[in-house]
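K.L.:
This is the structure, below, for whatever I ask next.
The numbers here are math on the coordinates, done by the rules we state, and not lab data. None of the values given here were measured: they were computed from a predicted structure. We place every Cβ from the backbone using ideal geometry, glycine too, and count neighbours over all the protein chains shown.
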Amino acid sequence: MDVREQLLHAALKVYAASGSRGATTKRIAQEAGVNEVTLFRHFGSKEALLHEALTWKAEQALDCRLPERPADPEAELLEFCLRYHAALWASRDLIRVCMGELTEFPEAIQAACRAPSALADTLEAYLERLRARGLASGDWLPWQAGAMLMGAVFADVMGRDCMPQRYPDSPEAAIRAYVGLFLKAIGASVPACASRAAITQPGQEP
């Protein structure tokens, strides 16, 4: 790991623990094992470092793809949502800090949201292809449908550890249920989806 990457990792760790005010250049440099001069030489300012670190983290974490030619909506969307959930879960503390600083440090949430916004575009385009191929039907808009699915996954991540009673199933079981409900909502023609992605009873694995 080179010095620049050390500083990016250190900035994310300190920012997630202390927010923008607590993430001083001195603390970030100490966490990275370098001096402040090195930090400023690479990034110029704390704000520039945090902006790049958040953008870099989001682009790294949200590497979720969907096929250009849909064939199995259930399997494809399940893999997409599982990857999305895992990436969000690994970054949930950082996401909460960004959301909490929306007014004071709006650049943070803007940087962190670039990758999720691109991911939403990817899902929207996939849903358009899905309907074009006759694998989904009904009167719905791709961006609205995509927002519903991504919103369910996001809510699961943000609520699972602070309201465990509301999320009694494992993440995988819950995501199978979300995808199953979503496929029904968009009229997906996947006969097996109701059985494979059925909602499980609390505490049971699918």
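K.L.:
Taking 0.36 nm per residue of sequence separation and subtracting the Cα-Cα distance, how much length would be gained by fully extending the chain between MET148 and VAL37, in nm to one decimal?
P.N.:
35.4 nm
K.L.:
Also: Projected area of the stretch 3-53, taken from the Cα convex hull and averaged over every viewing direction, in nm²?
P.N.:
2.7 nm²
K.L.:
State, in angstrom, two size descriptors of the chain derived from its alpha carbons: Rg to one decimal place and Dmax to the nearest whole number.
P.N.:
Calculated on Cα positions, Rg and Dmax stand at 19.7, 61 Å.
K.L.:
Separate question: When the helix-only estimate is applied to the chain (DSSP H runs of n ≥ 4, each -39,500 (n - 2.57), divided by the residue count), what is the mean residue ellipticity at 222 nm, nearest 500 deg cm²/dmol?
P.N.:
Rounded to the nearest 500, it is -22500 deg cm²/dmol.
K.L.:
Ok, one more. Among SER91, SER189, rank each residue by its count of other Cβ atoms within 10 Å, from fewest to most, as a rough exposure measure.
P.N.:
SER189, SER91
K.L.:
Using only Cα atoms, locate the centre of the stretch 20-98 and the centre of the stretch 120-187, then give the distance between them in Å, rounded to an integer.
P.N.:
Centre-to-centre distance over Cα atoms comes out at 23 Å.
K.L.:
Oh, and also: Which of the trypsin sites (Lys or Arg not before Pro) found in the stretch 112-164 are loop residues per DSSP with 14 or fewer other Cβ atoms within 10 Å of their Cβ?
P.N.:
ARG133
K.L.:
If I take every Cα pair under 8 Å that is 6 or more residues apart in the stretch 3-53, average their sequence separation and divide by the length, what percent do I get for the relative contact order?
P.N.:
After rounding, I find 44 percent.
K.L.:
Where in the chain is the longest stretch that carries no GluC sites (Glu not before Pro) classed as loop by DSSP and with at most 12 other Cβ atoms within 10 Å?
P.N.:
It works out to 105-206.
K.L.:
Report the full-extension gain for the segment LYS184 to ASP2: residue separation times 0.36 nm, less the Cα-Cα distance, to one decimal in nm.
P.N.:
60.7 nm
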